[in-house]
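Read through the structure below, which is laid out as structure tokens, and then see the notes.
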Amino acid sequence: MAKEARKLVTLECTVCKSRNYHTEKRLKGQGVIARLEFSKYCSVCKKRAPHKETK
Ligand SMILES: [Zn+2]
């Protein structure tokens, strides 16, 4: 069984700093992104805002 290197990351709104989303990130292999960033709807800002990975 192949062991996948995955990490649970939290996505934080860059506008209000609230942590709205959780996602999984691949740590090895192809498609590895050093720093995740998604445009997501923030319920605090009441609009779409860039969400970045936090530690
Ligand atoms: Zn926000």
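For this structure, a couple of remarks:
- With a simple spin-label model that places each label point 7 Å from the Cα along the Cα-to-Cβ direction, the separation between Ser39 and Lys52 comes to 1.7 nm.
- Cβ-based net charge around Glu37, under 14 Å, with every Lys or Arg adding one and every Asp or Glu removing one: +3
- The chain - Kirkwood radius from inverse mean 1/r over Cα pairs (Å): 12.0
Since every read-out is calculated from the coordinates, none of them should be taken as a lab result. Quantities reported herein were computed from a predicted structural model and do not represent experimental measurements. Neighbour counts run over all protein chains shown; Cβ positions are idealised from the backbone, glycine included.
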